[in-house]
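J.: Submitted below is the structure of interest, expressed as structure tokens.
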Amino acid sequence: MEPIRVHEGRVYPLNRSNIDTDQIIPKQFLKRISRQGFGQFLFFNWRFDNEGNPRPDFSLNDPKYQHASILVAGENFGCGSSREHAPWALLDYGFKVIIAPSFADIFNNNCTKNGILPVQLTEEETQLLMDRADNENDYTLKVDLENKRVYDSIDFEASFDLPEYPREMLLNGWDEIGVTLTYADKIDQFEAKKQTL
Amino acid sequence: MQKPKTIIEKIWDQHVVHQEEGKPDLLYIDLHLVHEVTSPQAFEGLRMNDRKVRRPDLTYATMDHNVPTIHRHIIKDQISKTQMDTLKSNCEEFGVPLADIDHPDQGIVHVIGPELGLTQPGKTIVCGDSHTSTHGAFGALAFGIGTSEVEHVLATQTIWQAPPKTLNVKVNGKLGKGITAKDLILAIIGKYGVRFGTGYVVEYTGEAIRSLSMEGRMTVCNMSIEAGARAGLISPDDITVEFLRGRRHVPKGEVFEKVAKEWKALATDAGATYDATVEINADEVEPQVTWGTNPGMCIPVSGSVPNPEDAKTANGKDEINRALEYMGLEAGQPISSVKIDHVFIGSCTNSRLSDLTRAAEIVKGHKVKSGIRAMVVPGSHSVKKAAEAEGLDQIFKEAGFEWREAGCSMCLGMNDDIVPAGERCASTSNRNFEGRQGAGARTHLVSPEMAAAAAIEGHFVDVRKFSIPTA
């Protein structure tokens, strides 16, 4: 996966809580057997009407948010199904960073395995970012994973927490299986011990 | 004396392969269940990196999400077919056992694991499916993972996991007559919301939990993820042991007695502490019906749809308004007045033999209300055969239900079993998300008994007041 150290990009605010992975990518698009090409289906039922035309009342269709790469949303983002097609769709669409007051556990993991940075800020901070993205034109944020900080060009500055392990994975873009296989002898030992029990 | 431990800590400690400062623990996985939707990219990853499946003998695959539940071999959707064919060729290539569409063991992955005795107390179990928490009913540490993690477990039989916080969900007292495990778990999520379990592994404790059958325990643990908890489990006891006795993958004879003792010793020690505890009184639980677009939006069948004006926050108000609009409901409307178009009895939450038996008791001698399409989709081929041996299929068919082959079916409508836009379904599944059963479909989650009664009456009724005919 692509390493991510500092990311600067346009913000797209989606002021809803409990956005589940069925909304991020509906079930009818889970049938592909590759990891690519899911961006066109992102938020499909919200973005398009029954005839496949963009819904003008869904904000992601607003030209103002074209090429946004930072998604800011309400709490419990990514709840529900474990489908990794959700981060694949977000990434393929162009989102590199997701900011929310909280994330669902499986989704959070799936993001860090795909080079998407999940940033947890407070509810007040996310609300402020969503309001600014709403009111400004071309509102951008800078997210610095090395120092775990988020800035805008006005006066916003906040720090966030991310455990050391996913942070290192994201900073280096490591292949996790490759890392784990360096512990193969420990896995062998564990299995040998289990066998004798 | 050793510090008292929860079952969660005991299982964890037995599975740590490697521990080091600043890293999650490397945890060994005893059983990896695989299905057609979340595995193709994982097998492809192995192939690209010239990697093998480390322990095909600890891996077990089936087809459930996409499979047709009628005309098994006429798969209209070529992409679905490709996904099933891909699983078959991947399993052949990597030596993974597979119960494919024609196999007598085929079924929903979370139904067949316990049925075959693959699911056992003390095991760590993963699957690329969030309802893997179901297996926690046996006192296993079972959780859903994404496809990258599926690939990781295939290649290494391990997973990196930070030790979880523990949450005791304590159910005091006994459930009333006619109240099911489904009502209990919906009431818990209704009371505490859809994220109180995030970051935790839940242990369900208390008298009402102890009294549940294994099927009931599976229904409860299944929906742990709807509260945000990746895993939810129940300490093993005699009910667990007797359920597993004689199952195919469980040891036999004296070895079984020895293993059964070890299983029961895994139960949480007296005096063990949790990071958090929430409680609910079982005798307060009524039959539940969801009204909105997440499982926490649920009310007793005697209740009314909430009013957005009663929300505590502006965001809460927006959320209720959006749900009402999507669901086509009015604030304050009694939920029992809501008319339905479809009934679905099935899914990894409620498709086991006892679920079907209890629904059939309600249905017997009645007819599905005219205009309603009702279907029963057994959780596995074995459940279907056992139900047919008891004549349940006849009861359902005579009442006007469709009797289908095993699969996930209308829980998520990846096959042809879809609820059309704007139509309303009483469903025994686990998620009432927007579009879950079909774009624009409106889902109300209920127990199998409540779904059966709604099929007959055409709207939601308190199943406890539903008269069972005296033949």
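J.: Report the residue, chosen from A:Gly178, A:Gly39, A:Gly52, that carries the largest GNM mean-square fluctuation when chain A is represented by alpha-carbon nodes joined by springs under 10 Å.
T.: Residue with maximal mean-square fluctuation among A:Gly178, A:Gly39, A:Gly52: A:Gly178.
J.: Label the protein assembly as shown by shape, choosing from rounded, prolate and oblate, from the square roots a ≥ b ≥ c of the eigenvalues of the Cα gyration tensor; if a/c is under 1.5 it is rounded, and otherwise prolate applies when a/b is larger than b/c, oblate when it is not.
T.: rounded
J.: So in the protein assembly as shown, what percent of DSSP beta bridges are antiparallel if you round to the nearest 5?
T.: Antiparallel bridges make up about 30 percent of those DSSP assigns within the protein assembly as shown.
J.: Next question, about the same structure. Put B:Glu226, A:Glu2, A:Glu125, A:Glu164 in order of accessible area, largest first, 1.4 Å probe: what do you get?
T.: Highest to lowest solvent-accessible surface, that is A:Glu2, A:Glu164, A:Glu125, B:Glu226.
J.: Can you compute the charge dipole magnitude of the protein assembly as shown about its Cα centre, using +1 on each Lys and Arg Cβ and -1 on each Asp and Glu Cβ, nothing else charged? Give it in debye, rounded to the nearest 20.
T.: 1480 debye
J.: Report the FRET efficiency, 1/(1 + (r/R0)^6), for B:Asp77 and B:Ala421, where r is their Cβ-Cβ distance and R0 is 22 Å, rounded to 0.05.
T.: Efficiency for this residue pair is about 0.70.
J.: Still on this model: Hey, can you list the residues from the range B:116-148 whose accessible area shrinks by 20 Å² or more with all protein chains present, relative to the chain by itself (probe 1.4 Å, no ligands or nucleic acids)?
T.: Buried-area filter returns B:Ser130, B:Gly146, B:Thr147, B:Ser148.
J.: Which of rounded, prolate or oblate describes the range B:145-268 when judged by the alpha-carbon gyration tensor and an a/c cut-off of 1.5?
T.: Cα axes put the range B:145-268 in the oblate bin.
J.: Please give the residues of the range B:316-353, grouped as numeric ranges, whose backbone N is less than 16 Å from a label point set 7 Å along the Cα-to-Cβ vector of B:Glu402.
T.: Of the residues in the range B:316-353, B:341-347 have backbone N under 16 Å from the label point off B:Glu402.
J.: Over the range B:7-277, with a single point scatterer placed on each C-alpha, what log10 of the ratio I(q)/I(0) does the Debye formula yield at q = 0.07, 0.08 1/Å?
T.: -0.25, -0.33
J.: Still on this structure, I have one more. Between B and A, buried accessible area summed over both sides at probe 1.4 Å, in Å² to the nearest 100?
T.: Counting both chains, the buried surface is close to 4800 Å².
J.: If you don't mind, there's one more thing I want to ask. Just give the residues from the range A:62-106 buried by at least 20 square angstrom of accessible area in the all-chains context relative to the isolated chain, probe 1.4 Å, and say none if nothing qualifies.
T.: For the range A:62-106, once contacts with the other chains are taken into account, A:Glu75, A:Asn76, A:Gly80, A:Ser81, A:Ser82, A:Arg83, A:Glu84, A:His85, A:Trp88, A:Asp105, A:Ile106 lose 20 Å² or more.
J.: Rounded to the nearest percent, how much of the accessible area of the range A:6-196 (1.4 Å probe, protein heavy atoms only) is carbon and sulfur?
T.: Summing carbon and sulfur atoms, their accessible area is 44 percent of the total for the range A:6-196.
J.: Follow-up. DSSP beta bridges in chain B, what fraction antiparallel, as a percent rounded to 5?
T.: Roughly 25 percent of the beta bridges in chain B run antiparallel, per DSSP.
J.: May I pose another question? Using a Förster distance of 35 Å, how high is the FRET efficiency between B:Thr86 and A:Glu191, based on the Cβ-Cβ distance and rounded to 0.05?
T.: 0.75
J.: Still on this model: Per the 1.4 Å probe, what fraction of the accessible area of the range B:361-435, in percent, lies on carbon and sulfur atoms?
T.: Using a 1.4 Å probe with all protein chains present, the range B:361-435 comes out at 48 percent carbon and sulfur.
J.: Taking the Cα centre of the range B:287-465 as the origin and placing charges on Cβ (Lys, Arg +1; Asp, Glu -1), which of B:Asn315, B:Val446, B:Ser337 is farthest toward the positive end of the dipole?
T.: Checking the options against the dipole of the range B:287-465, the answer is B:Val446.
J.: Treating only the Cβ atoms of Lys and Arg (+1) and Asp and Glu (-1) as charged, compute the dipole magnitude of the range B:175-232 about its Cα centre; round to the nearest 20 debye.
T.: 60 debye
J.: Between the range A:101-164 and the range B:296-337, what is the C-alpha centre distance in whole Å?
T.: 31 Å
J.: Here's something else I'd like to know. Take every DSSP beta bridge whose two residues both sit in the range B:7-277, then give the antiparallel share in percent to the nearest 5.
T.: 20 percent
J.: With r as the distance between the Cβ atoms of B:Ala270 and B:Gln394 and R0 = 60 Å, compute the FRET efficiency 1/(1 + (r/R0)^6) and round to 0.05.
T.: Computed FRET efficiency for B:Gln394 and B:Ala270 comes out at 0.80.
J.: Please go through the residue pairs A:Lys194/B:Lys258; B:Lys182/B:Lys364; A:Lys142/B:Lys191; A:Lys113/B:Lys88; B:Lys23/B:Lys123 and name each one whose alpha carbons sit more than 28 Å apart in this structure.
T.: The answer is A:Lys142/B:Lys191.
J.: How many nm separate the modelled label positions at B:Glu330 and A:Gln40, each set 7 Å beyond the Cα in the direction of the Cβ?
T.: Roughly 4.4 nm, to one decimal.
J.: How big is the accessible area of A:Asp62 in square angstrom, nearest 10, if you roll a 1.4 angstrom probe over the protein chains?
T.: Its accessible surface works out to 60 Å², give or take rounding.
J.: Roughly how big is chain B's charge dipole about its Cα centre, with Cβ charges of +1 (Lys, Arg) and -1 (Asp, Glu), in debye to the nearest 20?
T.: 440 debye
J.: Of the options A:Leu121, B:Ala61, B:Val202, report the single residue whose Cα projects farthest towards the positive end of the charge dipole of the protein assembly as shown (beta-carbon charges: Lys, Arg +1; Asp, Glu -1).
T.: B:Ala61
J.: Further question: When ligands, DNA and RNA are left out and all protein chains stay put, how many square angstrom of accessible area per residue does chain A have with a 1.4 Å probe?
T.: It amounts to 43 Å² per residue over chain A.
J.: Turning to a different aspect of this structure: How many nm separate the modelled label positions at B:Thr313 and B:Lys385, each set 7 Å beyond the Cα in the direction of the Cβ?
T.: My value for the distance between the label points is 5.2 nm.
J.: Classify chain A as rounded, prolate or oblate from the Cα gyration tensor: take a ≥ b ≥ c as the square roots of its eigenvalues, call it rounded if a/c is under 1.5, otherwise prolate when a/b beats b/c and oblate if not.
T.: Taking the square roots of the gyration eigenvalues as a ≥ b ≥ c, chain A is oblate.
The values are calculated or read from the model by the stated rules, or taken from the named source; none is laboratory data. This is a predicted model, so every value here is computed, not measured. Note that each Cβ is placed from the backbone with ideal geometry, even for glycine, and that neighbours are counted across all protein chains shown. Remember, those area values only see protein heavy atoms, side chains included, never the ligands or the DNA or RNA. Shrake-Rupley method; radii C 1.70, N 1.55, O 1.52, S 1.80 Å.
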